[in-house]
Amino acid sequence: MTLDQDVDFLQSIPIFADFSSEQLRLIAFSAEPLRLPEGTTLFREGAEADGGYVVVSGAVALSSERAGGRREEAIVGPGALIGELALLCSTTRPVTAVTVEPTNLMAVSRRLLRRVLEEYPDMAARMRTSLSERLAQLNAELGHTRERILALDGPEPDKTD
């Protein structure tokens, strides 16, 4: 892809949607392109994470260790951002990622994103607002899910003992 195509592609990813073309050009130019064959382990569950990966083409299986066995969590394809949290803070990988076909990715480091946000502080403020709104929405969805589960299981036990 050309640099302009990379910019357009990044613009379609929610975390980057509010970035200007200039800011996305810097990210696209500085991101590390990766071409991985099928069956390549991108990272393992529990590994330190220093950034995210944008799936440009191909597909990546995400799996985790549960109750002594490996469980497939999802298969993600073009437009997916793997490791969004790792772009923002120090964390470990919650899953193992393995390509399921030849896959092209853009590796975006936390350092790169931080550099862009330091250079464009107004973007950092917009990103903080956007992430706060997404977190509030997730919290509301979790509350609704909790209510549905409680309705199936019956009321919570009285904790005034």
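Mind checking whether some residue in the stretch 5-13 is out of contact with any Leu (no Cβ under 7 Å at 6 or more places or on another chain) and free of Cβ contacts under 8 Å to residues at least 40 places away in the same chain? Full working, then the answer.
To start, the set of residues in the stretch 5-13 that are out of contact with any Leu (no Cβ under 7 Å at 6 or more places or on another chain) comprises 5-6, 8-9, 12.
Next cut, free of Cβ contacts under 8 Å to residues at least 40 places away in the same chain only: 5, 8.
Yes, the stretch 5-13 contains at least one residue that is out of contact with any Leu (no Cβ under 7 Å at 6 or more places or on another chain) and free of Cβ contacts under 8 Å to residues at least 40 places away in the same chain.
Any chance you could count how many residues in the stretch 1-29 are at pLDDT 90 or above, hydroxyl-bearing (Ser, Thr, Tyr) and more than 18 Å from the chain's Cα centre (by Cα)?
2
Quick one: count up the residues across the stretch 1-24 that are open to solvent by 80 Å² or more (accessible area, probe 1.4 Å), over 15 Å from LEU117 (Cβ atoms) and part of a helix (DSSP H, G or I).
Selection size over the stretch 1-24: 4.
When the stretch 27-50 is examined, which residues are found to be closer than 21 Å to ARG128 by Cα and surrounded by fewer than 18 Cβ atoms within 10 Å (Cβ to Cβ)?
ASP50
Being more than 27 Å from ARG111 (Cα to Cα) and open to solvent by 90 Å² or more (accessible area, probe 1.4 Å) is the filter here; which residues of the stretch 121-140 pass it? Please lay out each step first, then the result.
Filtering the stretch 121-140 down to residues more than 27 Å from ARG111 (Cα to Cα) leaves 137, 139-140.
Across the stretch 121-140, the qualifying residues are GLN137, ASN139.
Which pairs turn up if I take residues in the stretch 113-141 that are in contact (Cβ under 8 Å) with a residue 24 or more places away in the chain and under 18 Å from GLN23 (Cα atoms) and look for partners that are among the aromatic types (Phe, Trp, Tyr) and surrounded by 13 or more Cβ atoms within 10 Å (Cβ to Cβ) with beta carbon separation below 9 Å, at least 6 apart in sequence or on another chain?
VAL116/PHE19; TYR120/PHE19; MET123/PHE19; ARG126/PHE19; MET127/PHE19
Suppose we filter the stretch 82-109 for residues that are under 17 Å from the mean Cα position of the chain (by Cα), surrounded by fewer than 19 Cβ atoms within 10 Å (Cβ to Cβ) and not β-branched (Val, Ile, Thr); how many remain?
Number satisfying all stated conditions: 9.
The values are calculated or read from the model by the stated rules, or taken from the named source; none is laboratory data. Owing to the predicted nature of the structure, the values given are computational and were not obtained by experimental measurement. Reconstructed Cβ throughout: ideal geometry from the backbone, glycine too, with neighbour counts over all protein chains shown. When the accessible area is computed, the model is the full protein with side chains, heavy atoms only, and any ligands, DNA or RNA have been set aside. Shrake-Rupley method; radii C 1.70, N 1.55, O 1.52, S 1.80 Å.
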